[in-house]
Protein chains: 2
Amino acid sequence: MITTAIWLALAAAAVPPQTPAPGPGHSLMPVPATMVRQPGLLRLDSTFGVTSGEPGDGRLQRAIARAIGRLERRTGTALGKRIADSGRARLTVEVGGPGEAVQSPEENESYRLEVTPSGARLQAATTVGALRGLETLLQLVERDSLGWYLPAVRIDDTPRFPWRGLLIDVGRHFEPVEAIKRQLEAMAAVKLNVLHWHLSEDQGFRVESIRHPLLHQRGSDGHYYTQAEIRDVVAFARDRGIRVVPEFDMPGHASAWFVGYPELASGTGPYAIERRFGVFAPTFDPTRETTYQFLDAFIAEMAGLFPDRYWHIGGDEVEGSEWRASASIRAFMQAQGLADNAALQAHFNRRMSEILTRHGRRMVGWDEILHPALPATTVIQSWRGQQALREGAAKGYSGILSAGYYLDHMQTAEFHYLVDPLPAGHILTPEEAGRVMGGEACMWHEHVTEESIDSRIWPRMAAIAERFWSPREVRDVADMYRRLGVMGGRLEALGLGHESHTPRMARRLADGQDASALIRLLSLTQPVQFGERSSLQRPTQLTPLTFAVDAARPDPPAHWRTRALAAAATGSLPDAPAARRELAARFAEWAALLPALDSLARRTPRVREALPAARALARVAAIGSETLTRRAGGSLDPAWTRARLAELATLSAPQGLLRISVIPGVVRLVRGGEGPP
Amino acid sequence: MITTAIWLALAAAAVPPQTPAPGPGHSLMPVPATMVRQPGLLRLDSTFGVTSGEPGDGRLQRAIARAIGRLERRTGTALGKRIADSGRARLTVEVGGPGEAVQSPEENESYRLEVTPSGARLQAATTVGALRGLETLLQLVERDSLGWYLPAVRIDDTPRFPWRGLLIDVGRHFEPVEAIKRQLEAMAAVKLNVLHWHLSEDQGFRVESIRHPLLHQRGSDGHYYTQAEIRDVVAFARDRGIRVVPEFDMPGHASAWFVGYPELASGTGPYAIERRFGVFAPTFDPTRETTYQFLDAFIAEMAGLFPDRYWHIGGDEVEGSEWRASASIRAFMQAQGLADNAALQAHFNRRMSEILTRHGRRMVGWDEILHPALPATTVIQSWRGQQALREGAAKGYSGILSAGYYLDHMQTAEFHYLVDPLPAGHILTPEEAGRVMGGEACMWHEHVTEESIDSRIWPRMAAIAERFWSPREVRDVADMYRRLGVMGGRLEALGLGHESHTPRMARRLADGQDASALIRLLSLTQPVQFGERSSLQRPTQLTPLTFAVDAARPDPPAHWRTRALAAAATGSLPDAPAARRELAARFAEWAALLPALDSLARRTPRVREALPAARALARVAAIGSETLTRRAGGSLDPAWTRARLAELATLSAPQGLLRISVIPGVVRLVRGGEGPP
């Protein structure tokens, strides 16, 4: 009988283990706050029924029905009546109440789940807590030769942070409602609770406005959500305990507004939907009263669609040239004693904050809005670094961390996982620390479309979700990757397409030819980082995103697997010889991909995009093979080792628009020695 | 320079080729009516622009924009402005008019497409014809080492039949709007023009009714389309030149109506949504005026949603016991001189036909409605055999063939492909033959869900679509399979999930373990036929359809590939040794799947479902290997051959709920000799 809390303490105290640590005996993700395993188990069979004392709580009943459906599809067993009478029930769900009418960060999300051989009992103060507990219950299900069961367990769980979000940018590339709903399903599965919906950008304005119809008619290329669709998504999110925080970015990143309403801008226009990506001149005119009248009416209309009490105004990357170029704006600044553009933006923000307050909304903005004149109720979202989060908290502002959680940067799950909104040893007072509400991962959409979104967000996002929910001490990377692999399968069963992504897109690139070598290569590579792709390819909104780089996915499983094998191969445990054999086989297979792809590329020109990566991989494989051979013959020559490490560093550069994901594993092999992967 | 028509004539006249015939030099599907290849080609690059003289034709402009988007995603090239000015245009689209306001079977769908090195020109009498031509244009795109191009060609194309449909049954299992839209996208790609939407069943009533809200509130388990969704789907279909013909099945198959409105039924109730599949007692009461008043108001409401001039009343499988049991119904029959249930149903049909006529709709029904009292304007859909089609045509009824096109029966594409609504040598007069409007494939949903629908319909449906569109003489099975493989990739690029299906579902069955052996086994097997599964498993609407049988797909590529290899291996052409080597390798791989799956099944119990198939496949592989060995040593012993063929016939039986798809190929190998696969 071990508690998770105890296990965590041990894990945190221990030196890095020499081989991947054995898991804590479960695959829960995020790890609950406390968990006690007990002897025994509860079988899942056709006698399994669920009862809830709240038949009138539609949200709870729908959640239970969904949970049973997922259980049935996984186990292949019809689990009797959806809602059984309480006498026959094997799962009892008890909630203290339905939760807030409009969910807030103060919502109680905690729950207790107790499984004994005679039944399971889920208790929560609110329906939202029960939703979280149902997800845990589904993750607990295990199997043995007799069938499916829940292990006996007692879990008392509550989130570490009240704000656990995912930003989805539908401005730069649109995402249809189905794609958004898929993300919401997956978010609920890992206990995220905020969809930050980035709805306007230079490249598109995405919501139907009855009041100002030229916004969507001229600013969206026809790709916008109707008001009915917005209501549908918001209701779908609420059913899963997820808040929807809208962002309408201003005063910059606003070109699309001005196509229909140029009078809102600081320049003379005309304006067009921006096709490039970057920071552009078109900016709201903060000196005219008509601007605020327009935005007041706009927010009044949109507030009817977005019930959340928080409202994101953006505020990032104000380019400034239109303000500098306008005589009337300069005159206004002088008259108001506004020293610079930052002061003018602060003036704008103060006016916006007043309008939002009048509509019952609290303002959120990116960290550029930090300014002495900023109203104290504002929430700061830090994206340029952790510094702004600490600075804001010290000045009394509530804050959310996004720096370190940019999914478009194509970092590994490990990288994001180890970023902490409040890391051990932070220097904030308890009161200041209490202002850190949590974090948000950001899925910016320069290089993302409906086809690739699942593979860009998932399963890495599950590691970030754990960072936001679980105790700070949960940071065993090897165990995270083990559970992330399980989570990937769960998410796919929910309808996400991250696993199917590479084969599907590779088949299109192969254009009717056998795509298997290309699929294999892509599973060993990943897209270059955001900035690299931007400068190497310079894609615009009109570039079709169906290249090899789009078919690859960030942090493919081969990355960690190769590192783990390399650590095992150079360790002294009994699994070392098997690990060396497996690595040798892999290196041979990697090398064989080059001739296969060479041949394929002669028949299908688009495969050529992948040839630089295939060549680099062949060289990586050769280094790996030679390392194994040399190690078998004794220790490595230090000069040879240095040369190979230098070569591997060179090979780590972008190869076309791909990067070889398995190089860190080969580096680990060349370095050698005991220690973590 | 060969015309397709000439090639077809040659193909029809020739004896079956000894090896798979070389393709006709294109991968078009369906094959156009006439096609002339010419020297030269038109490059697709960033100078490629499209113009249409009809800027006000929104349907045409949207179709061109979609086509360009698909081209761009395939080629990875931004093709300049969506609609270029006519001077720079490389593709000109000219239409005579927008087509009918409500598309009918009389709509002109023909088009001419001419590609020369200086440009492409698409001409059609109507926008619908242009939609068909755009699909052909997309299929013409080829590549060489310099990039992408359209070959110079002249195509004059027109459909063989005006009614080319797909029935989707959303009554037994619901399909969400996205799934329906995916099917419509794919239907348009193969020039189908009718979605027959089977909207009510014993197991569910799927449309929101404002007038009679208990229909969807009590008859659907919450799975129904709102009226806004219906309008959205109908508009989406119209944009693709597809009519939507609603079916509300009556007087039988109607249990779900009676849950909310038991007074419509012939029995005393109470009624419940039926969970089993089959033919059930609940039946409309055709003797009460209130029934017709209800249905009149219902059709008035639904006619506002479904503009098509055809309306399907079902009419199949009237069970009859409620009519026999009711004294008042028996009295009515006696008073009206209605001799039997068939006569009573004819009475009902005549009343329904009058109501439909009043609402401007022409009645369609299943072949059971054929009866001397049936109004002459009725369209008969034949499902029990081709006989009813011929019989109806002889009696003056228009008809549609569905017998032979039941996708749920899990037949091969070849089987469906060779069924012809008007086969060579039919005995109808030209006038009678003219009454055969075409055909419809049927996707009944006893064993199909949102997860599996793509894999059940596609790509087999493309072969049926070719049967409905292309000249009768197009029936080269080998060439059909070659083009079907290409079509599968095109459909996947459109968003269909038939290729991703087996890996995705297999990963769920493997439940976190390595699924590769299971995926491989499933790619060599297919689901048992509909009736076999019904009797072996007896699934109900509540059975989760996530079994190995659901993960397999009908007619996997391995079926035809093995047959083609076997034909090559026993032929006398130079490729015979290579074919024998490839078969030997395949047999070895098949045999190795059994130990791999045995091991996997010990860890994940659900994989056990696949073990009977793995055992049978291992035996098939052994027979294949032995055949190759014996052939290498000389000719086969006739007694041994007979014994092996008998054994293969036995192995062709259901193995669990799977059937070994590659057995016909091994049979072909054992049989030996020159000839077709």
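Brief remarks follow.
- Among the residues examined, A:T51 does not qualify as at pLDDT 90 or above, under 22 Å from A:L131 (Cα atoms) and of a type in the set (S, T, Y).
Matching residues to (1) crowded, with 17+ Cβ neighbours inside 10 Å; (2) away from chain B (no Cβ under 14 Å); (3) over 34 Å from the mean Cα position of the chain (by Cα); (4) assigned to a helix (DSSP H, G or I):
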{"position": "A:F587", "(1), (2), (3), (4)": "yes, yes, no, yes"}
{"position": "A:S599", "(1), (2), (3), (4)": "no, no, yes, yes"}
{"position": "A:R602", "(1), (2), (3), (4)": "no, no, yes, yes"}
{"position": "A:A613", "(1), (2), (3), (4)": "yes, yes, no, yes"}
{"position": "A:A616", "(1), (2), (3), (4)": "yes, yes, no, yes"}
{"position": "A:R631", "(1), (2), (3), (4)": "no, yes, yes, yes"}
{"position": "A:G665", "(1), (2), (3), (4)": "yes, yes, no, yes"}
{"position": "A:E674", "(1), (2), (3), (4)": "no, yes, no, no"}
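- Residue list for the range A:440-477, restricted to those being of a type in the set (S, T, N, Q), under 20 Å from A:A424 (Cβ atoms) and in a helix (DSSP H, G or I): none
- The range A:190-239: number of residues that are closer than 18 Å to A:A130 by Cα and buried (at least 24 other Cβ atoms within 10 Å of the Cβ): 6
- Residues that are facing chain A (nearest Cβ under 9 Å) and part of a loop (DSSP other than H, G, I, E, B), drawn from the range B:488-505: B:G495, B:G497
- Residues that are under 22 Å from A:V245 (Cα atoms), touching a strand residue (DSSP E or B) at 6+ places or on another chain (Cβ under 8 Å) and not aliphatic (A, V, I, L, M), drawn from the range A:413-445: A:P421, A:R435, A:G438, A:G439, A:E440, A:C442, A:W444, A:H445
- Selection count, the range A:300-320, where residues are open to solvent by 40 Å² or more (accessible area, probe 1.4 Å), in contact (Cβ under 8 Å) with a residue 12 or more places away in the chain and not aliphatic (A, V, I, L, M): 4
- Enumeration of residues in the range B:140-168 that are assigned to a strand (DSSP E or B) and either among the basic types (K, R) or under 30 Å from B:G434 (Cα atoms) (or both): B:R143, B:R154, B:I155, B:D156, B:D157, B:W163, B:R164, B:G165, B:L166, B:L167, B:I168
- Boolean, A:L594 is surrounded by 18 or more Cβ atoms within 10 Å (Cβ to Cβ), away from chain B (no Cβ under 14 Å) and not aromatic (F, W, Y): yes
- Among the residues of the range A:506-516, those identified as within 10 Å of chain B (Cβ to nearest Cβ) and open to solvent by less than 10 Å² (accessible area, probe 1.4 Å) are A:L509, A:A510, A:A515.
- Some residue of the range B:590-597 being in contact (Cβ under 8 Å) with a residue 40 or more places away in the chain, out of contact with any His (no Cβ under 8 Å at 6 or more places or on another chain), over 18 Å from B:G633 (Cα atoms) and part of a loop (DSSP other than H, G, I, E, B): no
- Among residues of the range B:440-452 being touching an Asp or Glu at 6+ places or on another chain (Cβ under 9 Å) and more than 16 Å from B:V528 (Cα to Cα), the one that is most open to solvent (accessible area, probe 1.4 Å) is B:E450.
- Residue match in the range B:517-537 (condition: buried (at least 20 other Cβ atoms within 10 Å of the Cβ) and within 11 Å of another protein chain (Cβ to nearest Cβ)): no
Quick grid of which residues meet (1) open to solvent by 50 Å² or more (accessible area, probe 1.4 Å); (2) touching an Asp or Glu at 6+ places or on another chain (Cβ under 8 Å); (3) at negative phi:
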{"site": "B:L28", "(1), (2), (3)": "no, no, yes"}
{"site": "B:P32", "(1), (2), (3)": "no, yes, yes"}
{"site": "B:V36", "(1), (2), (3)": "no, no, yes"}
{"site": "B:R43", "(1), (2), (3)": "yes, no, yes"}
{"site": "B:S52", "(1), (2), (3)": "no, yes, yes"}
{"site": "B:P55", "(1), (2), (3)": "yes, no, yes"}
{"site": "B:L60", "(1), (2), (3)": "no, yes, yes"}
{"site": "B:I68", "(1), (2), (3)": "no, no, yes"}
{"site": "B:L71", "(1), (2), (3)": "no, no, yes"}
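- Of all residues in the range A:234-276 being touching a Leu at 6+ places or on another chain (Cβ under 8 Å) and within 14 Å of chain B (Cβ to nearest Cβ), the one that is nearest to A:L184 (Cα to Cα): A:F236
- B:E431 vs. criteria in a helix (DSSP H, G or I), over 26 Å from B:A613 (Cα atoms) and open to solvent by 40 Å² or more (accessible area, probe 1.4 Å): yes
- Every residue from the range B:58-77 that is outside any helix (DSSP H, G or I) and either touching a residue at least 60 places away in the same chain (Cβ under 8 Å) or more than 10 Å from every other protein chain (Cβ to nearest Cβ) (or both): B:T77
- Scanning the range A:265-299 for residues that are closer than 25 Å to A:H445 by Cα, among the polar types (S, T, N, Q) and open to solvent by 20 Å² or more (accessible area, probe 1.4 Å) yields nothing.
- A:R160 in contact (Cβ under 8 Å) with a residue 60 or more places away in the chain, open to solvent by 10 Å² or more (accessible area, probe 1.4 Å) and of a type outside the set (S, T, N, Q): yes
- Meets criteria (touching a Lys or Arg at 6+ places or on another chain (Cβ under 9 Å) and of a type outside the set (S, T, Y)) for A:D202: yes
- Test: residue in the range A:473-482 that is open to solvent by 10 Å² or more (accessible area, probe 1.4 Å), touching a residue at least 40 places away in the same chain (Cβ under 8 Å) and within 14 Å of chain B (Cβ to nearest Cβ): yes
- Checking the range A:478-487 against the condition returns no match, with no residue being of a type outside the set (A, V, I, L, M, F, W, C) and assigned to a loop (DSSP other than H, G, I, E, B).
- Among the residues making up the range A:546-567, those that are surrounded by fewer than 22 Cβ atoms within 10 Å (Cβ to Cβ), more than 20 Å from the chain's Cα centre (by Cα) and within 12 Å of another protein chain (Cβ to nearest Cβ) are A:T546, A:R561.
- Helices (runs of 4 or more DSSP H) wholly inside the range A:305-408 containing at least 2 residues that are over 29 Å from the mean Cα position of the chain (by Cα) and over 30 Å from A:T429 (Cα atoms): A:321-325, A:327-336, A:341-358
The values are calculated or read from the model by the stated rules, or taken from the named source; none is laboratory data. Note that the coordinates shown come from a computational prediction; the quantities given were computed from them, not determined experimentally. So basically every Cβ, Gly included, is an ideal-geometry build from the backbone, and we count neighbours across all protein chains shown. Calculation scope for accessible area: heavy atoms of the full protein, side chains included, ligands and nucleic acids excluded. Shrake-Rupley method; radii C 1.70, N 1.55, O 1.52, S 1.80 Å.
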